[in-house]
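All remarks here apply to the structure that follows.
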Amino acid sequence: MEIPVSFVSAGYTLEGLLQKHPGSRGVVLTHPHPLYGGDMHNSVVDAAHRAYTECGFSTLRFNFRGVGGSRGRYDEGSGEQEDVAAAVSFLKDSGIHTVHLCGYSFGAWVNARAVMKGLFIDTMNMIAPPVAFMNFKGITGLETLQRVVVGDRDDIAPVDRVRRMLPSWNPDADLDIIPGADHFFSGRLTALKAAFRKFLADVSPTGSD
């Protein structure tokens, strides 16, 4: 069961939901664009959350600054990188030794920028990185990037553009394409969850690293 938690990022108190499982692996989940209604309760974030929990990961999803009950205000992705770092630290402080980072749309963009600036995590996954909407110029060398999941009807994260950019992010990362899915995975959330469960199934939920 998820429990409400709070933690501080650059002086702002942020709200989140934490679900603990036995073992040392956990994931921080980040949500889509705050100015377009994105928050931690987003249906895509929820699908990813359920996939991770069913595979034995502890999870932390949270609202960026200025969203819901989180203090502060939208900061065009800059301050939000501090929020991600604070969430990772909070999860580690809760006893998680191996941290995954998974972001959807705007969340994927913020995560990538935070990792580029030196945020240490063990594995990163992206859902529908918005390459046709946000500036991904200069984002390279994401050594921890494992997988990018997109829909083949997504005009905000077009498959062809993501495929062209992927080698500069990490040539060893996998591209997982969900047939019939748009940017919001309308009617395809079950397929998205199944895709996550499939590639997480080989990861031991108790995690000995």
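Please work out if Val67 is among the aliphatic types (A, V, I, L, M), part of a loop (DSSP other than H, G, I, E, B) and touching a residue at least 24 places away in the same chain (Cβ under 8 Å).
yes
Which numbered condition trips up Leu200, out of (1) at pLDDT 95 or above; (2) buried (at least 16 other Cβ atoms within 10 Å of the Cβ)?
The number of the failed condition is (1).
Of all residues in the range 62-80, which are in contact with a Gly (Cβ under 6 Å, 6 or more places away or on another chain), over 21 Å from Leu119 (Cα atoms) and crowded, with 16+ Cβ neighbours inside 10 Å?
Hits for the range 62-80 are Gly66, Gly72.
Test of understanding: among Val99, Val131, which residue is β-branched (Val, Ile, Thr), farther than 21 Å from Tyr12 by Cα, touching a residue at least 60 places away in the same chain (Cβ under 8 Å) and buried (at least 16 other Cβ atoms within 10 Å of the Cβ)?
From the options Val99, Val131, the qualifying one is Val99.
Let's see how each residue does on (1) surrounded by 18 or more Cβ atoms within 10 Å (Cβ to Cβ); (2) in contact (Cβ under 8 Å) with a residue 40 or more places away in the chain:
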{"site": "Gly95", "(1), (2)": "no, yes"}
{"site": "Asn111", "(1), (2)": "yes, yes"}
{"site": "Met124", "(1), (2)": "yes, no"}
{"site": "Gly138", "(1), (2)": "no, no"}
{"site": "Val159", "(1), (2)": "no, no"}
{"site": "Ser168", "(1), (2)": "no, no"}
{"site": "Asp174", "(1), (2)": "no, no"}
{"site": "Leu189", "(1), (2)": "yes, yes"}
{"site": "Phe196", "(1), (2)": "yes, yes"}
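The values are calculated or read from the model by the stated rules, or taken from the named source; none is laboratory data. All of these numbers come straight from a predicted model, not from anything done at the bench. We place every Cβ from the backbone using ideal geometry, glycine too, and count neighbours over all the protein chains shown.
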